[in-house]
Amino acid sequence: PFLKSEFDRLYALELEAQKPTWTLPECEATGILRRMTDKYRGKYLMIDFWDMGCGPCRAAIEHSKEMRKAFRDHPDVDFLFIASPMSSQEAYDAYVKENLDGEDCHLINHDDYNSLMQLFKFLSIPHYETLDREGNVLNKCLHFSTPDEFAAQLIKLKKEEAKK
């Protein structure tokens with residue numbers, strides 16, 4: 001009985017992982033996220049959870065500057081940067097002005113950030129999530145890369161969407 005129940009549990013997890021998307025549950029964290037993301041319905045949205053004190057976060061942001069510039073007014077994709085308040089407002093503002101100018105950036109309080117961490121089940125940053133055109137979470141995230149590689153990721157997403 002134990003092995004069968006364990007097999008059933010693992011099988012259910014595998015089936016869930018094979019789904020292309022999952023719907024966010026109705027909860028406070030989803031409300032927090034929706035207030036920032038509803039304006040992006042109809043586009044794929046790459047969400048970057050980061051912090052000023054995270055070297056890998058800042059390196060990824062700085063490395064992706066060219067790619068983000070190439071996709072700034074793209075009709076199919078947009079970017080959202082959500083940071084936790086681990087540094088001063090002045091340091092955050094200066095960094096955003098230099099490295100995220102023109103991007104949608106949100107500095108949110110600790111409680112809201114922790115709620116989003118629980119919603120997406122992550123403990124470390126940088127952390128990325130991708131929403132589809134309807135606001136569902138894709139199991140396969142877009143990743144920062146070169147403009148050509150990112151375009152290929154978008155093409156693949158659109159083809160998979162067309163198969164549905």
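The values are calculated or read from the model by the stated rules, or taken from the named source; none is laboratory data. Here the structure is a predicted model, which is why all the values come from computation and not from measurement. Cβ: placed from backbone, ideal geometry, glycine included. Neighbour counts: every protein chain shown. When the accessible area is computed, the model is the full protein with side chains, heavy atoms only, and any ligands, DNA or RNA have been set aside. Shrake-Rupley method; radii C 1.70, N 1.55, O 1.52, S 1.80 Å.
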(request) Return the only residue of A162, A70 being more than 14 Å from the chain's Cα centre (by Cα) and without any contact (Cβ under 8 Å) to a residue 60 or more places away in the chain. (result) A162
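In region 94-118, how many residues are acidic (D, E), under 21 Å from H74 (Cα atoms) and touching a helix residue (DSSP H, G or I) at 6+ places or on another chain (Cβ under 8 Å)? If you could, list the steps in order and put the result at the bottom.
Start the filter on region 94-118 by keeping residues that are acidic (D, E), which leaves 98, 101, 103-104, 111-112.
Retained after the next criterion (residues that are under 21 Å from H74 (Cα atoms)): 101, 103-104.
Among the residues that remain, those that are also touching a helix residue (DSSP H, G or I) at 6+ places or on another chain (Cβ under 8 Å) are: 103-104.
Result for region 94-118: 2.
If you take the residues of region 1-33 that are open to solvent by 20 Å² or more (accessible area, probe 1.4 Å) and small (G, A, S), which of them is modelled with the highest pLDDT? Please lay out each step first, then the result.
Initially, region 1-33 is screened for residues open to solvent by 20 Å² or more (accessible area, probe 1.4 Å), giving 1-23, 25-28, 31.
With the extra rule that they be small (G, A, S), the set shrinks to 5, 12, 17, 31.
Working: S5: 88, A12: 72, A17: 56, G31: 95.
It comes out as G31.
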(message) The conditions are (1) hydroxyl-bearing (S, T, Y); (2) in contact (Cβ under 8 Å) with a residue 60 or more places away in the chain; (3) over 20 Å from Y40 (Cβ atoms), and T130 fails exactly one of them. Which is it?
(response) (3)
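If you scan region 113-144, which residues turn out to be open to solvent by 20 Å² or more (accessible area, probe 1.4 Å), small (G, A, S) and part of a loop (DSSP other than H, G, I, E, B)? I'd like the intermediate steps shown before the answer.
Applying the first criterion (open to solvent by 20 Å² or more (accessible area, probe 1.4 Å)) to region 113-144 yields 114-115, 117-118, 121, 123-128, 133-134, 136, 139-141, 143-144.
Applying the additional criterion that residues be small (G, A, S) yields 115, 124.
Result: S124, single match.
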